[in-house]
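Beneath this line is the structure, given in C-alpha coordinates, with notes to follow.
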Amino acid sequence: MSTTMVATDVLARGVAVACRAPSYHNSQPWRWVADRGGLHLYLDPSRLVQTDPDERQALISCGAVLDHLRIAMAAAGWSAHIDRFPDADNTEHLASIGFTEMPIVTDESQRCAEAILTRRTDRLAFGPVTDWAGFETVLRSRLDDTLALVDVVSDADRHRLVQATDLTNALRFYDTEYFRALQRWTAPFEASEGIPYDSLVTAAEGDRVDVGRTFPVTHHPERRDEVPNDFSTIVVISAHDDTRRDKLGCGETLSTVLLEATVAGLATCTLTHLTELSTSRHLVEDVTGRPLPQVLVRIGYAPEGEHSPPPTPRRPLADVLTVTL
(Lines give C-alpha, C1' and ligand atoms only; values in the text may rest on other atoms or scores of the structure.)
Protein backbone atom coordinates (compact mmCIF):
# COMPACT_ATOMS: atom_id res chain seq x y z
CA MET A 1 0.00 0.00 0.00
CA SER A 2 1.42 3.36 -1.01
CA THR A 3 1.68 5.92 1.73
CA THR A 4 1.47 9.69 1.71
CA MET A 5 3.74 12.30 3.22
CA VAL A 6 2.13 13.90 6.25
CA ALA A 7 2.77 17.56 7.06
CA THR A 8 5.39 17.97 9.78
CA ASP A 9 3.09 19.92 12.05
CA VAL A 10 0.45 17.17 11.86
CA LEU A 11 3.05 14.53 12.75
CA ALA A 12 4.33 16.68 15.59
CA ARG A 13 0.84 17.08 17.04
CA GLY A 14 0.27 13.34 16.73
CA VAL A 15 3.50 12.52 18.53
CA ALA A 16 2.76 15.06 21.26
CA VAL A 17 -0.61 13.45 21.93
CA ALA A 18 0.84 9.94 21.73
CA CYS A 19 3.43 10.78 24.36
CA ARG A 20 0.63 11.10 26.90
CA ALA A 21 0.90 7.29 27.00
CA PRO A 22 1.71 5.73 30.37
CA SER A 23 5.21 4.42 30.98
CA TYR A 24 7.04 2.63 33.75
CA HIS A 25 7.55 5.23 36.51
CA ASN A 26 6.82 7.86 33.82
CA SER A 27 10.27 7.21 32.38
CA GLN A 28 9.07 7.84 28.77
CA PRO A 29 11.69 5.52 27.19
CA TRP A 30 10.96 6.42 23.58
CA ARG A 31 12.18 8.64 20.80
CA TRP A 32 10.68 9.40 17.41
CA VAL A 33 12.29 10.24 14.08
CA ALA A 34 10.32 11.68 11.15
CA ASP A 35 11.93 11.38 7.72
CA ARG A 36 10.85 10.95 4.11
CA GLY A 37 10.16 7.29 4.79
CA GLY A 38 7.59 8.09 7.45
CA LEU A 39 7.72 8.09 11.22
CA HIS A 40 9.96 5.79 13.25
CA LEU A 41 9.76 4.73 16.89
CA TYR A 42 12.93 3.83 18.79
CA LEU A 43 13.55 2.66 22.31
CA ASP A 44 15.73 5.20 24.11
CA PRO A 45 18.20 3.23 26.28
CA SER A 46 19.15 6.38 28.19
CA ARG A 47 15.63 6.37 29.67
CA LEU A 48 15.71 2.85 31.10
CA VAL A 49 14.84 2.42 34.78
CA GLN A 50 17.62 0.63 36.64
CA THR A 51 15.22 -2.08 37.82
CA ASP A 52 14.30 -2.94 34.21
CA PRO A 53 17.53 -4.55 32.96
CA ASP A 54 15.89 -6.71 30.27
CA GLU A 55 13.92 -3.70 28.89
CA ARG A 56 10.59 -5.49 29.40
CA GLN A 57 8.90 -2.53 31.05
CA ALA A 58 10.35 -0.15 28.49
CA LEU A 59 9.01 -2.23 25.60
CA ILE A 60 5.54 -2.33 27.16
CA SER A 61 5.71 1.46 27.56
CA CYS A 62 6.78 1.88 23.93
CA GLY A 63 3.94 -0.37 22.80
CA ALA A 64 1.49 1.92 24.57
CA VAL A 65 2.93 5.03 22.93
CA LEU A 66 2.85 3.31 19.53
CA ASP A 67 -0.86 2.54 19.84
CA HIS A 68 -1.55 6.03 21.16
CA LEU A 69 0.16 7.36 18.02
CA ARG A 70 -2.09 5.23 15.82
CA ILE A 71 -5.17 6.60 17.58
CA ALA A 72 -3.98 10.22 17.56
CA MET A 73 -3.28 10.08 13.84
CA ALA A 74 -6.63 8.42 13.09
CA ALA A 75 -8.35 11.33 14.83
CA ALA A 76 -6.36 13.66 12.59
CA GLY A 77 -7.56 11.79 9.49
CA TRP A 78 -4.61 9.47 8.85
CA SER A 79 -4.52 5.69 8.94
CA ALA A 80 -1.24 4.32 10.32
CA HIS A 81 0.45 1.31 8.74
CA ILE A 82 2.87 -0.16 11.27
CA ASP A 83 5.89 -2.29 10.44
CA ARG A 84 7.18 -3.62 13.77
CA PHE A 85 10.92 -4.28 14.21
CA PRO A 86 11.76 -3.40 10.60
CA ASP A 87 15.54 -3.60 11.10
CA ALA A 88 16.87 -6.99 12.20
CA ASP A 89 20.23 -5.40 13.01
CA ASN A 90 18.80 -2.70 15.28
CA THR A 91 16.53 -3.99 18.03
CA GLU A 92 16.01 -0.44 19.30
CA HIS A 93 14.15 0.39 16.07
CA LEU A 94 10.72 -0.71 17.24
CA ALA A 95 8.48 0.40 14.39
CA SER A 96 8.25 2.27 11.12
CA ILE A 97 4.92 3.90 10.41
CA GLY A 98 3.54 5.05 7.08
CA PHE A 99 0.25 6.87 6.60
CA THR A 100 -2.63 7.04 4.16
CA GLU A 101 -5.34 9.68 4.30
CA MET A 102 -8.72 8.49 5.57
CA PRO A 103 -11.95 9.46 3.82
CA ILE A 104 -13.69 10.17 7.13
CA VAL A 105 -12.80 10.47 10.81
CA THR A 106 -15.09 8.30 12.90
CA ASP A 107 -16.67 9.34 16.17
CA GLU A 108 -14.92 6.38 17.78
CA SER A 109 -11.52 7.70 16.69
CA GLN A 110 -12.33 11.11 18.11
CA ARG A 111 -13.50 9.66 21.43
CA CYS A 112 -10.38 7.54 21.82
CA ALA A 113 -8.09 10.46 21.01
CA GLU A 114 -9.91 12.62 23.56
CA ALA A 115 -9.49 9.81 26.09
CA ILE A 116 -5.72 10.01 25.64
CA LEU A 117 -5.83 13.55 27.00
CA THR A 118 -8.19 12.84 29.89
CA ARG A 119 -6.84 9.49 31.12
CA ARG A 120 -5.00 9.50 34.44
CA THR A 121 -3.35 6.80 36.51
CA ASP A 122 -5.53 6.67 39.62
CA ARG A 123 -3.90 4.90 42.59
CA LEU A 124 -6.86 5.37 44.96
CA ALA A 125 -9.56 2.79 45.73
CA PHE A 126 -12.30 2.36 43.10
CA GLY A 127 -16.00 1.71 43.27
CA PRO A 128 -17.27 -1.34 41.34
CA VAL A 129 -18.08 -1.40 37.63
CA THR A 130 -21.85 -1.89 37.68
CA ASP A 131 -22.13 -3.31 34.15
CA TRP A 132 -18.87 -5.17 33.70
CA ALA A 133 -20.38 -7.59 31.16
CA GLY A 134 -21.42 -4.72 28.91
CA PHE A 135 -18.05 -3.02 29.16
CA GLU A 136 -16.15 -6.26 28.56
CA THR A 137 -18.18 -6.96 25.42
CA VAL A 138 -17.19 -3.59 23.96
CA LEU A 139 -13.58 -3.96 25.09
CA ARG A 140 -13.14 -7.38 23.50
CA SER A 141 -14.52 -6.09 20.22
CA ARG A 142 -11.63 -3.58 20.18
CA LEU A 143 -8.83 -5.97 21.18
CA ASP A 144 -6.44 -7.58 18.73
CA ASP A 145 -5.75 -11.06 20.10
CA THR A 146 -2.74 -11.45 17.82
CA LEU A 147 -0.93 -8.80 19.88
CA ALA A 148 -1.62 -10.11 23.40
CA LEU A 149 -4.15 -11.96 25.54
CA VAL A 150 -6.46 -10.42 28.14
CA ASP A 151 -8.01 -12.27 31.10
CA VAL A 152 -10.39 -10.96 33.76
CA VAL A 153 -9.60 -11.98 37.33
CA SER A 154 -12.69 -13.33 39.09
CA ASP A 155 -13.71 -12.16 42.54
CA ALA A 156 -12.95 -15.66 43.80
CA ASP A 157 -9.34 -15.40 42.57
CA ARG A 158 -8.65 -11.84 43.69
CA HIS A 159 -7.26 -13.00 47.05
CA ARG A 160 -4.47 -14.75 45.15
CA LEU A 161 -3.36 -11.42 43.69
CA VAL A 162 -3.46 -9.97 47.20
CA GLN A 163 -1.18 -12.81 48.31
CA ALA A 164 1.13 -12.09 45.36
CA THR A 165 1.24 -8.40 46.36
CA ASP A 166 2.11 -9.28 49.96
CA LEU A 167 4.78 -11.69 48.76
CA THR A 168 6.28 -9.07 46.44
CA ASN A 169 6.45 -6.56 49.29
CA ALA A 170 8.12 -9.12 51.56
CA LEU A 171 10.69 -10.13 48.95
CA ARG A 172 11.57 -6.50 48.27
CA PHE A 173 11.74 -5.37 51.86
CA TYR A 174 15.56 -5.29 51.82
CA ASP A 175 16.01 -4.57 48.10
CA THR A 176 17.96 -1.33 48.25
CA GLU A 177 18.34 -1.05 44.47
CA TYR A 178 14.58 -1.25 44.01
CA PHE A 179 13.86 1.41 46.63
CA ARG A 180 16.63 3.60 45.25
CA ALA A 181 14.91 3.45 41.85
CA LEU A 182 11.55 4.32 43.42
CA GLN A 183 13.08 7.34 45.12
CA ARG A 184 14.77 8.37 41.87
CA TRP A 185 11.49 8.38 39.92
CA THR A 186 9.33 9.97 42.61
CA ALA A 187 11.70 12.73 43.70
CA PRO A 188 10.41 16.25 42.89
CA PHE A 189 13.59 17.45 41.18
CA GLU A 190 12.48 17.14 37.57
CA ALA A 191 9.41 18.80 36.08
CA SER A 192 9.06 16.59 32.98
CA GLU A 193 9.53 13.01 34.18
CA GLY A 194 8.83 10.68 37.07
CA ILE A 195 5.76 10.43 39.28
CA PRO A 196 4.74 13.69 40.98
CA TYR A 197 3.77 13.66 44.65
CA ASP A 198 0.14 14.58 43.95
CA SER A 199 -0.18 11.33 41.98
CA LEU A 200 0.96 9.26 44.97
CA VAL A 201 -1.15 8.20 47.95
CA THR A 202 -1.01 8.53 51.70
CA ALA A 203 -0.49 5.49 53.90
CA ALA A 204 -4.21 5.32 54.73
CA GLU A 205 -5.22 5.67 51.08
CA GLY A 206 -2.79 2.92 50.11
CA ASP A 207 -4.16 0.61 52.80
CA ARG A 208 -7.55 0.70 51.08
CA VAL A 209 -6.07 -0.79 47.88
CA ASP A 210 -5.26 -4.47 48.31
CA VAL A 211 -3.54 -5.00 44.94
CA GLY A 212 -1.14 -2.16 44.24
CA ARG A 213 2.49 -1.14 44.18
CA THR A 214 3.82 0.38 47.40
CA PHE A 215 5.28 3.79 46.59
CA PRO A 216 6.84 6.30 48.98
CA VAL A 217 3.88 7.83 50.82
CA THR A 218 2.84 11.42 50.44
CA HIS A 219 1.09 13.68 52.95
CA HIS A 220 -2.11 15.56 52.21
CA PRO A 221 -5.77 15.49 53.32
CA GLU A 222 -7.38 12.09 52.85
CA ARG A 223 -9.16 11.54 49.55
CA ARG A 224 -12.00 9.23 48.57
CA ASP A 225 -12.58 7.99 52.12
CA GLU A 226 -16.17 7.22 51.12
CA VAL A 227 -14.75 4.19 49.24
CA PRO A 228 -13.54 2.03 52.17
CA ASN A 229 -12.01 -0.74 50.02
CA ASP A 230 -10.99 -1.23 46.43
CA PHE A 231 -13.84 -2.78 44.43
CA SER A 232 -12.07 -2.66 41.08
CA THR A 233 -12.06 -5.41 38.50
CA ILE A 234 -8.57 -6.52 37.53
CA VAL A 235 -7.50 -7.67 34.07
CA VAL A 236 -4.22 -9.36 33.19
CA ILE A 237 -2.46 -8.84 29.86
CA SER A 238 -0.25 -11.78 28.87
CA ALA A 239 2.21 -12.24 26.02
CA HIS A 240 2.02 -15.00 23.44
CA ASP A 241 5.77 -15.56 23.61
CA ASP A 242 8.81 -14.15 25.38
CA THR A 243 10.01 -11.90 22.55
CA ARG A 244 10.51 -8.17 22.20
CA ARG A 245 7.71 -8.05 19.65
CA ASP A 246 5.32 -9.74 22.07
CA LYS A 247 6.18 -7.33 24.87
CA LEU A 248 5.60 -4.42 22.50
CA GLY A 249 2.22 -5.98 21.66
CA CYS A 250 1.32 -6.13 25.36
CA GLY A 251 1.88 -2.39 25.51
CA GLU A 252 -0.35 -1.82 22.50
CA THR A 253 -3.04 -3.91 24.17
CA LEU A 254 -2.57 -1.96 27.40
CA SER A 255 -3.31 1.22 25.43
CA THR A 256 -6.58 -0.26 24.18
CA VAL A 257 -7.68 -1.35 27.65
CA LEU A 258 -6.90 2.01 29.25
CA LEU A 259 -8.54 4.13 26.57
CA GLU A 260 -11.67 2.01 26.24
CA ALA A 261 -12.10 2.23 30.01
CA THR A 262 -11.63 5.99 29.89
CA VAL A 263 -14.19 6.33 27.09
CA ALA A 264 -16.61 4.35 29.27
CA GLY A 265 -16.10 6.79 32.16
CA LEU A 266 -14.02 4.38 34.22
CA ALA A 267 -10.85 4.96 36.23
CA THR A 268 -7.75 2.83 35.72
CA CYS A 269 -4.42 2.00 37.34
CA THR A 270 -1.68 0.05 35.58
CA LEU A 271 0.21 -2.50 37.70
CA THR A 272 3.45 -4.33 36.91
CA HIS A 273 4.79 -5.05 40.40
CA LEU A 274 3.31 -8.58 40.31
CA THR A 275 5.18 -9.52 37.14
CA GLU A 276 8.62 -8.18 38.04
CA LEU A 277 9.65 -11.06 40.33
CA SER A 278 9.39 -14.67 39.20
CA THR A 279 7.87 -15.88 42.48
CA SER A 280 4.89 -13.52 42.40
CA ARG A 281 4.61 -13.78 38.60
CA HIS A 282 4.04 -17.53 38.95
CA LEU A 283 1.08 -16.80 41.24
CA VAL A 284 -0.43 -14.63 38.52
CA GLU A 285 0.20 -17.40 36.00
CA ASP A 286 -1.76 -19.78 38.23
CA VAL A 287 -4.71 -17.37 38.21
CA THR A 288 -4.84 -16.89 34.42
CA GLY A 289 -3.53 -20.26 33.31
CA ARG A 290 -1.13 -18.43 30.97
CA PRO A 291 2.67 -18.56 31.28
CA LEU A 292 3.66 -14.98 30.43
CA PRO A 293 1.65 -12.32 32.31
CA GLN A 294 3.14 -8.88 31.70
CA VAL A 295 0.89 -6.16 33.07
CA LEU A 296 -2.31 -5.85 35.12
CA VAL A 297 -4.91 -3.09 35.14
CA ARG A 298 -7.34 -2.15 37.91
CA ILE A 299 -10.60 -0.79 36.47
CA GLY A 300 -13.42 0.82 38.43
CA TYR A 301 -15.41 3.94 39.18
CA ALA A 302 -14.11 7.13 40.75
CA PRO A 303 -16.68 9.41 42.42
CA GLU A 304 -18.12 12.08 40.13
CA GLY A 305 -17.14 15.68 40.72
CA GLU A 306 -13.93 14.73 42.45
CA HIS A 307 -10.93 17.03 42.03
CA SER A 308 -8.43 15.52 39.60
CA PRO A 309 -4.70 16.13 39.96
CA PRO A 310 -2.98 17.88 37.05
CA PRO A 311 -1.70 15.72 34.20
CA THR A 312 1.52 13.88 34.94
CA PRO A 313 4.35 15.84 33.26
CA ARG A 314 5.86 14.82 29.96
CA ARG A 315 9.18 15.59 28.35
CA PRO A 316 9.29 18.48 25.85
CA LEU A 317 8.47 17.44 22.30
CA ALA A 318 11.88 18.60 21.10
CA ASP A 319 13.47 16.01 23.40
CA VAL A 320 11.58 13.08 21.91
CA LEU A 321 11.01 13.97 18.23
CA THR A 322 13.66 14.51 15.58
CA VAL A 323 12.59 15.71 12.12
CA THR A 324 14.95 15.01 9.21
CA LEU A 325 12.66 15.65 6.25
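The values are calculated or read from the model by the stated rules, or taken from the named source; none is laboratory data. Quick caveat, the model's predicted, so the values are computed rather than measured. FYI the Cβ positions are ideal-geometry reconstructions off the backbone, even for glycines, and counts take in every protein chain you see.
Please specify each residue of the stretch 15-48 satisfying the condition of being surrounded by fewer than 23 Cβ atoms within 10 Å (Cβ to Cβ), part of a strand (DSSP E or B) and modelled with pLDDT of 95 or more.
Within the stretch 15-48, 31, 33, 34, 40, 42, 43 qualify.
Give 205, 252, 260 a once-over and let me know the one that is buried (at least 19 other Cβ atoms within 10 Å of the Cβ), in a helix (DSSP H, G or I) and modelled with pLDDT under 95.
205
Every residue, every condition in (1) of a type in the set (Lys, Arg); (2) in contact with a Cys (Cβ under 6 Å, 6 or more places away or on another chain), yes or no:
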| position | (1), (2) |
| --- | --- |
| 245 | yes, no |
| 259 | no, yes |
| 280 | no, no |
| 294 | no, yes |
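Answer yes or no: is there a residue in the stretch 138-148 that is more than 14 Å from residue 213 (Cβ to Cβ), more than 19 Å from the chain's Cα centre (by Cα) and either at pLDDT below 95 or among the acidic types (Asp, Glu) (or both).
So far as the stretch 138-148 goes, no, none of its residues is more than 14 Å from residue 213 (Cβ to Cβ), more than 19 Å from the chain's Cα centre (by Cα) and either at pLDDT below 95 or among the acidic types (Asp, Glu) (or both).
For the stretch 108-117, give me each residue that is at pLDDT 95 or above and surrounded by fewer than 18 Cβ atoms within 10 Å (Cβ to Cβ).
110, 111, 114, 117
Restricting the search to the stretch 263-276, which residues are buried (at least 22 other Cβ atoms within 10 Å of the Cβ) and either on the phi > 0 side of the Ramachandran plot or of a type in the set (Gly, Ala, Ser) (or both)?
267, the sole residue that qualifies.
Condition check: of a type in the set (A, V, I, L, M, F, W, C), at pLDDT 95 or above and not in a helix (DSSP H, G or I). Does residue 235 satisfy that?
When the stated conditions are applied, residue 235 passes them.
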